[in-house]
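The values are calculated or read from the model by the stated rules, or taken from the named source; none is laboratory data. The model shown is predicted, which means the values in this text are computed figures rather than measured ones. Cβ placement follows ideal geometry from the backbone for every residue including glycine, while neighbour counts extend to all protein chains displayed. These accessible areas exclude ligands, DNA and RNA; they are computed on the full protein's heavy atoms, side chains included. Shrake-Rupley method; radii C 1.70, N 1.55, O 1.52, S 1.80 Å.
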Amino acid sequence: MNFAGLDIVVIALVVLVVLIVFAGIKTIPQGYQYTVERFGRYTRTLQPGLNLIIPFIDRIGAKMNVMEQVLDIPTQEVITRDNASVSADGVAFYQILNPAQAAYQVANLENAILNLTMTNIRSVMGSMDLDELLSNRDVINDKLLRVVDEAANPWGIKITRVEIKDIAPPKDLVDSMGRQMKAEREKRAQVLEAEGARNAQILRAEGAKQSAILEAEGQREAAFRDAEARERLAEAEAKATKMVSEAIAAGDVQAINYFVAQKYTEAMAAIGKAPNSKIVLMPMEASSLIGSLGGIGAIAKEVFGNGPAPAGGNPQRTRQTTPATTTTAATPAFRNPFDTPQGS
């Protein structure tokens, strides 16, 4: 095929147009934004997707990553407010919100954010004591985030998070803190032990108190019952005395003999049961006790004689034997004081 000179020019122009069109088509990947410069001046920002620019007039300026990015903060020495030296490192997360500001407001964006974060770490941590520094990492992170984000805002940057990864005090300071923690735990153990001993003593005292109260109540109840028993005994004694008195008033001499003989016999039994007496000297004659027993027998016979006589018996004979039992056949020189005189 033979081409004329005009045909070659047309083909060349078509190829040139195609190359110019392809030069003006820009494809932007997701997560990135490109700035467009016209004769070296920023004009606009290309969004992800297919974009067109004017070839040879517009050009791509800065290719900015608008995804959230992480920046590692290296370890640095920090002097706290109480002059303790600690080593701290961290991590910062940031995102570009305005690619034009991030590209043209600051040079070397990552280095700027890194130095800004490090200086603020020294400022924030240096204004705190060591104990506060070790126990309040959330407070440190919040302060750092607020300060660094405010400083990076003119650059079109959003600081999403600043975290302190590690705080390392010197070895001798760590040993001192370990001894302090041990002393605190020992003190708490002693306090708990003392509280336990105190509570045990209180419980024992409460138990002794309740025991004493119950014992006192038992003694009171026993005393009350003892007094009640003595009262009943006294009432019975008074009733018996009254009955004897009425019998005496009615002229029944045998009743007084029975009453005196009973008391006499009880007194003799008490003397005989005394644990500190081996020999008992009785300044009285044995016939007195025998006479008293005889009086008691006479009363019994008189009482039984008044009841129904057995079959074939003689009531008169039974009553006639009573005076014979009221006297004793002992030595005539002694007389039973409880015997009834003849003819009474």
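Some observations on this one:
- Reachable lysines from K158, criterion Cα separation under 16 angstrom, eight or more residues apart if same chain: K143
- Sum of side-chain charges, A222 neighbourhood, beta-carbon under 15 Å (Lys, Arg +1; Asp, Glu -1): -3
- Solvent-accessible heavy-atom area per residue, rounded to whole Å², over the range 8-90 at 1.4 Å: 63
- Three-way shape label, the range 1-92, alpha-carbon gyration tensor, a/c 1.5: prolate
- Proximal lysines to K273, defined as alpha-carbon separation beneath 23 angstrom and excluding residues fewer than eight positions away on the same chain: K263
- Dipole magnitude of the range 113-195, debye to nearest 20 (Cβ charges: Lys/Arg +1, Asp/Glu -1, about Cα centre): 280
- Shape of the range 49-171, Cα gyration tensor, a/c cut at 1.5: prolate
- FRET E, pair I271, I202, Förster distance 41 Å, beta-carbon r, rounded to 0.05: 0.15
- Spacing of the two label points (7 Å from each Cα toward its C-beta) at K165 and E237, in nm: 10.4
- Taking label points 7 Å from Cα along the Cα-to-Cβ direction, M181 and R137 give a separation of 1.4 nm.
- Taken as Cα centroids, the range 84-133 and the range 153-172 sit 6 Å apart, rounded to the nearest whole angstrom.
- The calculated FRET efficiency for the pair N65 and A194, based on their C-beta separation and a Förster distance of 56 Å, comes to about 0.30.
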